[in-house]
Amino acid sequence: MLKGKVAVVTGSTSGIGRGIATALATHGADVMLNGFGDGAEIVRVAKDLEERHSVRTGYSPADVSRPAEIRQLIADAQRLLGPVDILVNNAGIQHVAPLEQFAEEHWNAILAINLSAAFHTTKAVLLEMKQRHWGRIINIASTHGLVASAGKAAYVAAKHGLVGLTKVIAIETANDGITCNAICPGWVLTPLVQQQIADRAQGGGMSIEAAQRELLQEKQPMLQFTTPQQIGALAVVLCDDATATVTGAAWPVDGGWTAQ
Ligand code: NAD
């Protein structure tokens, strides 16, 4: 279905981004990986995608908090794989603290990585998508792009901003064969959430299993984690012709969290 398409997935060396990169490759897309991590493991993942799915891959270690590195990431993807057809803005970080204790550097980093990066990547690919009259832009927001939680000032502000940016891009590209949508996951068991579970277990003097249960019970009626594979499957659906008129939407994948 996506044979011949070129995808860039930011933050695809782990968690949800890796799930999305795998799903896109499974459907035939060539994929530019990005993110931090162990070099040998990243090479292994890329080779595995190439061999299993007969696709091409590339990797960029660009730090998406830096606009110049983002421009290099897109330029490298274009040089290695060709014009970018599918852009997935997924890289993200989290920091939890009450507002009065929220360090300025955490605020700046979260805004840069979780929000501004999507502005810079989109700006770098949009002209070519318009010229080719086809493009899919998928922004990985969060339930926190739709509702708030205490302690997550920067994350909630960035994710609400990302949902807003998604709508603007959708309107500006409405007649260019391009769609732009946000996916808003609830809890997905990745290193980003494992850290929050570990902090909760330590803070409350409980086991990891008890902290996981408490985390789910607090917000999410469906007491199970969504998997990166399930988020990847939705990303593929948003690239299909069947959803060619779905744009500017924010898709909750949250076990009922935002239905309450
Ligand atoms: P993760 O920590 O497993 O993966 C984050 C990825 O982003 C990694 O590949 C990491 O290397 C990369 N990254 C971080 N900073 C970067 C930077 N400056 N430049 C380039 N890459 C960078 O986390 P995840 O849970 O898979 O999160 C992926 C996205 O999903 C994030 O935007 C997150 O906010 C969002 N999300 C996650 C959940 C969840 O429950 N896990 C829920 C809602 C939304």
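The values are calculated or read from the model by the stated rules, or taken from the named source; none is laboratory data. If you're wondering where the values come from, they're calculated on a predicted model, not measured in any experiment. Here Cβ is always computed from backbone atoms with ideal geometry, including for glycine, and neighbour counts include all displayed protein chains.
Return yes or no: is Glu69 away from the ligand (no atom under 12 Å from the Cβ) and charged (D, E, K, R)?
no
Return yes when Ala250 is under 17 Å from Ala7 (Cα atoms) and within 15 Å of the ligand (Cβ to nearest atom) and no when it is not.
No: the conditions fail for Ala250.
For the stretch 1-104, which fully contained strands (runs of 3 or more DSSP E) count at least 2 residues that are among the polar types (S, T, N, Q) and touching a residue at least 24 places away in the same chain (Cβ under 8 Å)?
Once the strands (runs of 3 or more DSSP E) in the stretch 1-104 are filtered for at least 2 residues that are among the polar types (S, T, N, Q) and touching a residue at least 24 places away in the same chain (Cβ under 8 Å), what remains is 57-60.
Starting from the stretch 132-146, take each residue that is touching a residue at least 60 places away in the same chain (Cβ under 8 Å) and among the hydroxyl-bearing types (Ser, Thr, Tyr) and list its partners that are outside any strand (DSSP E or B) and within 11 Å of the ligand (Cβ to nearest atom), counting only C-beta distances under 8 angstrom and pairs at least six apart or across chains.
That search, which allows pairs on different chains as well, returns Thr143/Gly186; Thr143/Lys219; Thr143/Asp254; Thr143/Trp257.
Condition check: in a helix (DSSP H, G or I), within 23 Å of Gly256 (Cα to Cα), in contact with a Gly (Cβ under 7 Å, 6 or more places away or on another chain) and within 15 Å of the ligand (Cβ to nearest atom). Does Leu115 satisfy that?
In short, no.
Which one of Ile231, Ile208, Ile197 is in the same structural domain as Thr143 (by TED's automatic domain parsing) and touching a helix residue (DSSP H, G or I) at 6+ places or on another chain (Cβ under 6 Å)?
Of the residues listed, the single one that is in the same structural domain as Thr143 (by TED's automatic domain parsing) and touching a helix residue (DSSP H, G or I) at 6+ places or on another chain (Cβ under 6 Å) is Ile231.
Inspect the stretch 171-179 for any residue being over 16 Å from the mean Cα position of the chain (by Cα) and part of a helix (DSSP H, G or I) and give the result as yes or no.
yes
State yes or no: is Ala124 crowded, with 21+ Cβ neighbours inside 10 Å, under 19 Å from the mean Cα position of the chain (by Cα) and within 15 Å of the ligand (Cβ to nearest atom)?
Criteria met by Ala124.
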